[in-house]
Amino acid sequence: MSSPTPGQTTSMKPAATPTALQNRMGVLKSPESSKALHTIALLVRNAPGVLVRVSMVFSRRGYNIESLVVSPGAKTGFSRMTVTCSGDPAILEQMIKQLTKLVDVVHALDHTATDRFETEIALIKIRCAGDVRRDVLEIAEHFNARVVDYAAQSLILRVFGASDKLDAIISLLDEERIVELVRSGKIVMARALEVT
């Protein structure tokens with residue numbers, strides 16, 4: 001690394017290198033995870049056993065569920081599932097047909113290539129005090145993250161946006177300082193009047 005010239009500033013951290021935390025979180029792609037990610041949205045009846053039946057279809061087809069979000073639908077008695085998964089794209093269409101045939105599944109749609117809005121939220125607890133806190137707050141400001149809890153030796157950041165944005169802020173924060181990390185998983189909605 002060359003020394004800075006007069007008037008040039010240095011970054012507070014050397015170029016990012018792979019870390020164990022990034023590997024655990026899937027930020028770095030392993031050969032196994034090089035399969036394309038797909039976003040599947042399902043509308044299901046809110047009944048016992050639906051989640052098990054849906055996850056079994058993914059499992060039987062060799063798909064790994066990267067994230068799963070289930071929430072109440074707009075109508076009482078129905079729920080929305082958003083599944084981010086990786087697997088062989090050649091069998092995706094067949095898998096979606098199988099999901100649609102399940103009892104209690106109203107419809108299942110692949111939103112991977114559709115015009116959609118998607119977002120995710122993360123809570124990041126960071127051990128920091130003094131000068132380190134200032135550096136963390138600068139990173140948080142750059143990513144529009146909000147501090148939702150201040151303590152003498154730590155703080156909690158809430159950040160939301162595209163998954164890539166969350167991956168980026170996590171990669172900039174020092175692995176040794178991240179105490180806890182919780183991610184919601186991706187949620188998606190088709191734009192305009194298209195069905196999700």
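Values in this text are rule-based calculations from the coordinates and carry no lab data. Computed from a prediction, not measured in an experiment: that's the story for all the values here. So basically every Cβ, Gly included, is an ideal-geometry build from the backbone, and we count neighbours across all protein chains shown.
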Query raised in the report: Do you know which residues across region 145-176 are basic (Lys, Arg) and surrounded by fewer than 17 Cβ atoms within 10 Å (Cβ to Cβ)?
Result: Arg146, Arg158
Report task. All but one of (1) touching a residue at least 60 places away in the same chain (Cβ under 8 Å); (2) more than 22 Å from the chain's Cα centre (by Cα) hold for Arg134, so report the exception by its number. Result -> (1)
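Which of the residues that make up region 57-88 are in contact (Cβ under 8 Å) with a residue 40 or more places away in the chain and of a type in the set (D, E, K, R)?
Just the residues of region 57-88 that are in contact (Cβ under 8 Å) with a residue 40 or more places away in the chain, to begin with: 57, 66-69, 71, 80-88.
Passing the criteria: Glu66, Arg80, Asp88.
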Query raised in the report: Name the pairs whose Cβ atoms lie under 8 Å apart, with the first residue in region 105-123 and within 15 Å of Arg191 (Cβ to Cβ), the second of a type in the set (Ser, Thr, Tyr), and 6 or more positions between them or separate chains?
Result: Leu109/Thr196; His111/Thr39; His111/Thr196; Thr112/Thr39; Arg116/Thr39; Arg116/Thr196; Glu118/Thr39; Glu118/Ser163
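Take Ser184 and tell me if it is hydroxyl-bearing (Ser, Thr, Tyr) and either touching a helix residue (DSSP H, G or I) at 6+ places or on another chain (Cβ under 9 Å) or surrounded by 19 or more Cβ atoms within 10 Å (Cβ to Cβ) (or both). Before you say what the answer is, go through the steps one by one.
Numbers: hydroxyl-bearing (Ser, Thr, Tyr): yes; either touching a helix residue (DSSP H, G or I) at 6+ places or on another chain (Cβ under 9 Å) or surrounded by 19 or more Cβ atoms within 10 Å (Cβ to Cβ) (or both): no.
It is false that Ser184 is hydroxyl-bearing (Ser, Thr, Tyr) and either touching a helix residue (DSSP H, G or I) at 6+ places or on another chain (Cβ under 9 Å) or surrounded by 19 or more Cβ atoms within 10 Å (Cβ to Cβ) (or both).
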